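Enquirer: Submitted below is the structure of interest, expressed as structure tokens.
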Amino acid sequence: MNERIVTARDQGYPERLTALLGPEAPAALSCAGNEELLGMHSLALLCSRQCPGSMILQTYEFIQKLRRRNIAVIGGFHSPMEKECLRALMSGVTGIVWCLAKTIDRFKVPDEFKALADAGRLLLLSPFPATATRITAETAAVRNRVAAALADEVFLPHAAAGSSTEAFCLELLAWEKPVLTLAAEENRGILERGAQAVGTTDIDTLWPGEPAPPRQGDLASEQEEPET
């Protein structure tokens, strides 16, 4: 995958980053893959490391249905739940924008993702220069803000009261960014502040249009329950 640098002065630089992040918007983005995915309707996926078991199952069911929608899903795919979601999305038709928390130069695309890249369904994106060779709490926070700023909506399944995830959710709501979450008592704090409760039955309303037909092997995989 050939890498291209897009600076804030270039025509292809996403206007949303400047509009929402202001002076904190990255000066440049490193891109490798299909940049046209940034022009699709998009959903940022952000899952914290700590998530109740029942909500893990609900999140997985949501992603299983979402994967047949012609949208782009943006995320760092770093937490365990995000990794599981990424594996599910691979077998669908969604575009995947993998937003990295370090330089793109040090990222090796796993072999199982090469077919995804060949099909034009993958874009690697990094807001960091070549000197950012390690993932840190700071680079992860920047990565999450960039992913959320790029997306039309954000799906954040769980935000514990008083957590940094809840604080981030409140920041997104202050941007007037639509934040989608699961209807659960554990999410009361963000639901009361403006997050929207969603489930699998809401996908047709949120992203209208005919779902893509299942591919060979999809129906069998849907019967498998995730480990909780």
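Enquirer: Looking only at the range 174-191, count how many residues are surrounded by fewer than 16 Cβ atoms within 10 Å (Cβ to Cβ) and modelled with pLDDT of 95 or more.
Expert: Qualifying residue count, the range 174-191: 2.
Enquirer: Output yes when any residue across the range 95-116 is closer than 25 Å to residue 186 by Cα, of a type in the set (S, T, N, Q) and either surrounded by 17 or more Cβ atoms within 10 Å (Cβ to Cβ) or in contact with a helix residue (DSSP H, G or I) (Cβ under 7 Å, 6 or more places away or on another chain) (or both), and no when none is.
Expert: no
Enquirer: May I ask you to list the residues in the range 9-26 that are small (Gly, Ala, Ser), crowded, with 16+ Cβ neighbours inside 10 Å and out of contact with any helix residue (DSSP H, G or I) (no Cβ under 9 Å at 6 or more places or on another chain)?
Expert: none
Enquirer: Now for a separate question. Only one residue in 61, 82, 36 is of a type in the set (D, E, K, R), over 17 Å from residue 116 (Cα atoms) and in contact (Cβ under 8 Å) with a residue 40 or more places away in the chain, so which one is that? Can you show your working first?
Expert: Details: 82 fails: in contact (Cβ under 8 Å) with a residue 40 or more places away in the chain; 36 fails: over 17 Å from residue 116 (Cα atoms).
Testing whether each residue is of a type in the set (D, E, K, R), over 17 Å from residue 116 (Cα atoms) and in contact (Cβ under 8 Å) with a residue 40 or more places away in the chain leaves just 61.
Enquirer: Is at least one residue of the range 27-40 within 16 Å of residue 126 (Cα to Cα), surrounded by fewer than 19 Cβ atoms within 10 Å (Cβ to Cβ), hydroxyl-bearing (Ser, Thr, Tyr) and modelled with pLDDT of 95 or more?
Expert: no
The values are calculated or read from the model by the stated rules, or taken from the named source; none is laboratory data. Note that the structure is a prediction, hence the values are computed from the model and not measured. Heads up, the Cβs are rebuilt from the backbone with ideal geometry, glycines too, and the neighbour counts pull from every protein chain shown.
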